[in-house]
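> Pasting a structure below so you can have a look.
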Amino acid sequence: MALIAVKNAAFSYDGKRTVFKNIDFQVEEGEIFCIIGPNGCGKSTLIDCVLGLNPLKEGEIILGGRPLKQLKPKELAEQMAYVPQGHKTTFAYTVLDIVTMGRTYAARTFAPPGQEEKDIAKDALEQVGLAGFEDREYTKLSGGELQLVLIARAIAQRSRLLVMDEPTAHLDFTHELNVMEIIAHLTRDRGLSIIMATHFLNQAYYLENQGVPTRVALIKDGSFIQVGTPSQVLSQENLEQSFNIITEIITSGEGERKYILPLRNKR
């Protein structure tokens, strides 16, 4: 049984303008599902619906064999964790405090986190390469470090499904690669499943090149153009249709690694 299944989903904010429609997909255990498309195509809105933040106009979402709308917050947190694009650093919590917040759903009401919760948080920090950052102030971290802390918080939640909305949107190349390596590790070595919205085309090919089970949904104007592996979906024809760009698919190395070379905008 799939961890999550989205069936015939449609959404509109005002009841008139449809943001997306006829969306169908499911995510299996140990799989990455990338939602790829240009800005304004409905990726983030679809993510919000998967998280239960926006109610669907049509269709339904099944999480862990149950309708999403029937799950209580604690039950939802047990099944699914969220990594946003970014986070405002208003209060000077320590890094350990922020990551431990991923265990809030499992704690007794009004009870402070115990040693077990702190140990889980420390283990999550180690997984993202931030061991030793526990006492640093969250407000004084770089953008790349902030994103790693948010990923660690999601890992500490110990859910089977991670939902990521543009997890590398504001990162430099080094931190982007670091995040992608962590995503590959969580899926390939830890068996987690990930739904990831992105407009960075080569990220899906990177995951496929790493041997990670990866499927892609290419979205334009609120509908899926095609769903399949990166090699099946991210073709020159599909990229021209969805992004209005001319590209070349490059294959290199003995393992036939693939990546997309953008050439020019379509005139």
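Values in this text are rule-based calculations from the coordinates and carry no lab data. The model shown is predicted, which means the values in this text are computed figures rather than measured ones. Here Cβ is always computed from backbone atoms with ideal geometry, including for glycine, and neighbour counts include all displayed protein chains.
> Which semi-axis lengths, in whole Å and largest first, follow from the square roots of five times the eigenvalues of the Cα gyration tensor of the chain?
31, 23, 17
> Using DSSP loop states and a limit of at most 13 other Cβ atoms within 10 Å to flag chymotrypsin sites (Phe, Trp or Tyr not before Pro), what is the longest stretch of the chain containing no flagged site?
Working: sites that count: TYR13, PHE91, PHE110.
Within the chain, the longest run free of exposed chymotrypsin sites (Phe, Trp or Tyr not before Pro) spans 111-267.
> What distance in nm separates the two pseudo spin-label positions at ASN22 and ARG136, each 7 Å out from Cα along the beta-carbon direction?
Computed distance between label sites ASN22 and ARG136 equals 4.8 nm.
> What list of ³J(HN,Hα) values in whole Hz, one per residue of the range 161-177 in order, does the Karplus curve 6.51 cos²θ - 1.76 cosθ + 1.60 (θ = phi - 60°) give from phi, with Gly and Pro shown as x?
10, 9, 10, 10, 9, 6, x, 10, 4, 10, 9, 6, 4, 4, 6, 4, 5
> Can you give the FRET efficiency to the nearest 0.05 for ALA5 and PHE91, using r as the Cβ-Cβ distance and R₀ = 41 Å?
Numbers: r = 38 Å, r/R0 = 0.92.
Approximately 0.60, to the nearest 0.05.
> Next question, about the same structure. From the phi angles alone, apply the Karplus equation (6.51, -1.76, 1.60; θ = phi - 60°) to the range 9-18 and give each ³J(HN,Hα) in whole Hz, x where the residue is Gly or Pro.
Taking θ as phi minus 60°, the curve returns 7, 9, 8, 9, 6, 10, x, 10, 8, 7 Hz for the range 9-18.
> So what's the angle, to the nearest 10 degrees on a 0 to 90 scale, between helix 115-127 and the longest Cα principal axis of the chain?
40 degrees
> Roughly how big is the chain's charge dipole about its Cα centre, with Cβ charges of +1 (Lys, Arg) and -1 (Asp, Glu), in debye to the nearest 20? Before the final figure, lay out the partial values.
Values: 29 positive and 33 negative charges, 174 e Å.
The dipole magnitude comes to about 840 debye.
> Which FRET efficiency value, to the nearest 0.05, is calculated for ARG264 and ASP189 with the Förster distance at 35 angstrom and r the Cβ-Cβ distance?
0.35
> Place +1 on the Cβ of every Lys and Arg and -1 on the Cβ of every Asp and Glu in the range 27-75, take the dipole about the Cα centre, and give the residue among ILE62, GLY52, CYS34 whose Cα lies farthest towards its positive end.
Positive-most Cα among the choices belongs to GLY52.
> Next question, about the same structure. Of LYS43/LYS74; LYS88/LYS122; LYS57/LYS266; LYS16/LYS72; LYS7/LYS220; LYS43/LYS140, which pairs sit farther than 28 Å apart, going by alpha carbon to alpha carbon? Could the numbers behind the result be given before it?
On the way: LYS43/LYS74 25 Å; LYS88/LYS122 22 Å; LYS57/LYS266 35 Å; LYS16/LYS72 30 Å; LYS7/LYS220 18 Å; LYS43/LYS140 30 Å.
Correct reply: LYS57/LYS266; LYS16/LYS72; LYS43/LYS140.
> On a 0 to 90 degree scale, rounded to 10, what angle separates helix 143-156 from the longest Cα axis of the chain?
Helix 143-156 and the main axis of the chain meet at about 70 degrees.
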